[in-house]
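**Q** To start, I am sharing the structure in question, which I have written as structure tokens.
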Amino acid sequence: MENKYELSTLILRVILGVSFFIHGVVKFQGGIENTVGWFGSIGLPGFLAYGVALIEVVGGLAVVLGLFTRLISVLFILLMVGAIVKVKLAVGFLGNGQMAGYELDLAFVAMAAAIAITGSKFYALDQLIFKGRKTENTTTIN
């Protein structure tokens, strides 16, 4: 049964990583200046757009490859919670007809939380790089 569990987290990891990667690439392709301006229009410092786009591109690729998946998943959660609170909450779960709601953001939070909590070892470069290190807690509770 362990293989089914690892396969399911691999699927979550790859879909989450590809989704974030594409969202980040689009921010750069559309001209990052547009995203900087939009951040400013909603009351956020424009320079945050660079950080968000970079986390999405580099983090998305790293998650697909299985590098630092738990850490990056936490960063993804922070990005999505910020997007929900700052932008999407006001338009509701399904949106308002002009802007999407926060349903996708919430799904990304759930996927990232599952990966942050459990990790994902199947076909992960972390397993090759850090295979000599013990990552599990060896303390037992009696």
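The values are calculated or read from the model by the stated rules, or taken from the named source; none is laboratory data. Please read all numbers here as calculations on a predicted model, not as lab measurements. Cβ atoms come from the backbone with ideal geometry, glycine included; neighbour counts cover every protein chain shown.
**Q** Within region 97-134, which residues are among the polar types (S, T, N, Q) and closer than 30 Å to residue 87 by Cβ?
**A** Going residue by residue through region 97-134, those that are among the polar types (S, T, N, Q) are 98, 118, 120, 127.
Across region 97-134, the qualifying residues are 98, 118, 120.
**Q** To continue, here is another question. Please go through region 51-68 and give me each residue that is farther than 27 Å from residue 101 by Cβ and not small (Gly, Ala, Ser), ordered by number.
**A** Once the filter is applied, which keeps residues that are farther than 27 Å from residue 101 by Cβ and not small (Gly, Ala, Ser), region 51-68 yields 58, 61, 65, 67, 68.
**Q** Could you figure out which of (1) more than 24 Å from residue 3 (Cβ to Cβ); (2) aliphatic (A, V, I, L, M); (3) part of a helix (DSSP H, G or I) isn't true of residue 110?
**A** Only one criterion in (1) more than 24 Å from residue 3 (Cβ to Cβ); (2) aliphatic (A, V, I, L, M); (3) part of a helix (DSSP H, G or I) is unmet by residue 110, namely (1).
**Q** Within region 90-111, work out how many residues are out of contact with any Leu (no Cβ under 6 Å at 6 or more places or on another chain), surrounded by 15 or more Cβ atoms within 10 Å (Cβ to Cβ) and either closer than 14 Å to residue 9 by Cα or in contact (Cβ under 8 Å) with a residue 40 or more places away in the chain (or both).
**A** Adding up the residues that qualify gives 1.
**Q** Sticking with this structure for a sec: Do we find a residue being aromatic (Phe, Trp, Tyr) and at pLDDT 95 or above anywhere in region 1-13? Walk me through how you get there before you give the answer.
**A** Applying the first criterion (aromatic (Phe, Trp, Tyr)) to region 1-13 yields 5.
The next check asks that each one be at pLDDT 95 or above; those that pass are none.
No: region 1-13 contains no residue that is aromatic (Phe, Trp, Tyr) and at pLDDT 95 or above.
**Q** Go through region 112-124 and give me each residue that's surrounded by fewer than 14 Cβ atoms within 10 Å (Cβ to Cβ) and within 16 Å of residue 17 (Cβ to Cβ).
**A** none
**Q** Being at pLDDT 95 or above, more than 19 Å from the chain's Cα centre (by Cα) and closer than 15 Å to residue 83 by Cα is the filter here; which residues of region 14-38 pass it?
**A** Answer for region 14-38, where residues must be at pLDDT 95 or above, more than 19 Å from the chain's Cα centre (by Cα) and closer than 15 Å to residue 83 by Cα: just 36.
**Q** Shifting gears a bit: Restricting the search to region 21-62, which residues are under 30 Å from residue 124 (Cα atoms) and either β-branched (Val, Ile, Thr) or touching a residue at least 60 places away in the same chain (Cβ under 8 Å) (or both)?
**A** Taking region 21-62 first, the residues under 30 Å from residue 124 (Cα atoms) are 21-29, 48-62.
If the condition is that a residue be under 30 Å from residue 124 (Cα atoms) and either β-branched (Val, Ile, Thr) or touching a residue at least 60 places away in the same chain (Cβ under 8 Å) (or both), then 22, 25, 26, 52, 55, 57, 58 are the ones that fit.
**Q** Residue 87 fails exactly one of the following numbered conditions: (1) more than 12 Å from the chain's Cα centre (by Cα); (2) at pLDDT 95 or above; (3) surrounded by 16 or more Cβ atoms within 10 Å (Cβ to Cβ). What is the number of that condition?
**A** (2)
**Q** Can residue 81 be described as aliphatic (A, V, I, L, M), under 12 Å from the mean Cα position of the chain (by Cα), assigned to a helix (DSSP H, G or I) and farther than 15 Å from residue 12 by Cβ? Reasoning before the result, please.
**A** Values: aliphatic (A, V, I, L, M): yes; under 12 Å from the mean Cα position of the chain (by Cα): yes; assigned to a helix (DSSP H, G or I): yes; farther than 15 Å from residue 12 by Cβ: yes.
Taking the combined requirement at face value, the residue satisfies it.
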